[in-house]
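Asker: Just dropping this structure here.
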Amino acid sequence: MTTCLIDKIMLNIAFVEYPQSMKNGTATIRVYITANNTAVNKVAPASGATLKFSSTVKEITFSSPKDETNGYYSVNFTVPEVKSKINCTISANASKTGFISAGKNVTILIVPPFPMGNIRIFVSDVNGLPVSDATVISTSQPSKKPLKGVTDENGIVSFNNIPAGSYVFQISKEGYSDTTIQIEVAADQTVKETAIIPKISSSGETIAQSTIIIPIIAVVAAVAGFIVWKFYYVKKKEEEELAGTVHYD
């Protein structure tokens, strides 16, 4: 009895159509599968193969692959909305009875549906010291949902992967005067801003107001003192001159 060993024919797979980058939505991938018969040095389209697709982003879903004949296959896949750019690897594996399986990968850049940026706000008092536990909330923003955060022990609050555009923030904390700042965010940009919230004194004035008022009071007192001194000096001078005039007459 003679036993013959038959070499299995290797499959080859190539991506011929796919988006290099895309937003959320549905797109199509087309692959070309061939069979490489090294015994006769011949490469031919492989029909009837089984295809399986997978990706590194688990939220991506694939439809059932379609055999377009002549070795071409297509599949639709749906990409979810993301808040930041993601490099996604998509894998295609082809198998067929009597053939050696083949696999191939491509990378697709998934981008947010609109430009995104980042904001970093440092909240301090008038002396430049960080203010923790301050509430920072947007009163105007590109999207419908306002942003809200609280400063950490270093007086910093960050908003990452947010829509680019114009923002207005109100910063508040009990015992401090509220402050409003406006920030413009461009795509792929991190904007760093400083917001100052003056502390309110026991008299109800802010520290900045008190700092200004005290010198003013001092100036007013000095001017008043000078006026009083000048009045008595002039009056005394007049009395001395009058007395001198009478004495010489």
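Asker: Pairs under 6 Å by beta carbon, first residue more than 19 Å from P115 (Cβ to Cβ) and touching a residue at least 12 places away in the same chain (Cβ under 8 Å) in segment 137-149, partner β-branched (V, I, T) and part of a strand (DSSP E or B), six or more apart or different chains?
Answerer: As it stands, the answer is T139/V168; K148/I137; G149/V136; G149/V157, since those pairs meet every condition given.
Asker: Checking K173 against (1) in contact with a strand residue (DSSP E or B) (Cβ under 6 Å, 6 or more places away or on another chain); (2) surrounded by 17 or more Cβ atoms within 10 Å (Cβ to Cβ); (3) modelled with pLDDT of 95 or more; (4) farther than 30 Å from I86 by Cα, only one condition comes out false. Which one?
Answerer: With (1) in contact with a strand residue (DSSP E or B) (Cβ under 6 Å, 6 or more places away or on another chain); (2) surrounded by 17 or more Cβ atoms within 10 Å (Cβ to Cβ); (3) modelled with pLDDT of 95 or more; (4) farther than 30 Å from I86 by Cα applied to K173, the lone miss is (1).
Asker: Also, quick follow-up: Identify all residues within segment 151-167 that are surrounded by 13 or more Cβ atoms within 10 Å (Cβ to Cβ) and either in a strand (DSSP E or B) or in contact with a Pro (Cβ under 7 Å, 6 or more places away or on another chain) (or both); write none if there are none.
Answerer: Once the filter is applied, which keeps residues that are surrounded by 13 or more Cβ atoms within 10 Å (Cβ to Cβ) and either in a strand (DSSP E or B) or in contact with a Pro (Cβ under 7 Å, 6 or more places away or on another chain) (or both), segment 151-167 yields G155, I156, V157, S158, F159, I162, P163, A164, G165, Y167.
Asker: Take segment 67-88 and flag every residue that is farther than 26 Å from A35 by Cβ, free of Cβ contacts under 8 Å to residues at least 60 places away in the same chain and in a loop (DSSP other than H, G, I, E, B).
Answerer: The answer is P80, E81, V82, K85.
Asker: Could you identify the single residue in A14, A35 that is aliphatic (A, V, I, L, M) and at pLDDT below 95?
Answerer: Answer to the selection: A35.
Asker: Out of all the residues in segment 114-126, is one or more among the small types (G, A, S), in contact with a Leu (Cβ under 6 Å, 6 or more places away or on another chain) and in the same structural domain as T179 (by TED's automatic domain parsing)?
Answerer: Checking segment 114-126: not a single residue is among the small types (G, A, S), in contact with a Leu (Cβ under 6 Å, 6 or more places away or on another chain) and in the same structural domain as T179 (by TED's automatic domain parsing).
Asker: Kindly list the number of the only condition in (1) surrounded by 15 or more Cβ atoms within 10 Å (Cβ to Cβ); (2) not in a loop (DSSP other than H, G, I, E, B) that fails for S91.
Answerer: The failed condition is (1).
The values are calculated or read from the model by the stated rules, or taken from the named source; none is laboratory data. Because the structure is predicted, anything quoted here is derived from the model rather than measured. In this analysis, Cβ positions are derived from the backbone assuming ideal geometry, glycine residues included, and neighbour counts consider all displayed protein chains.
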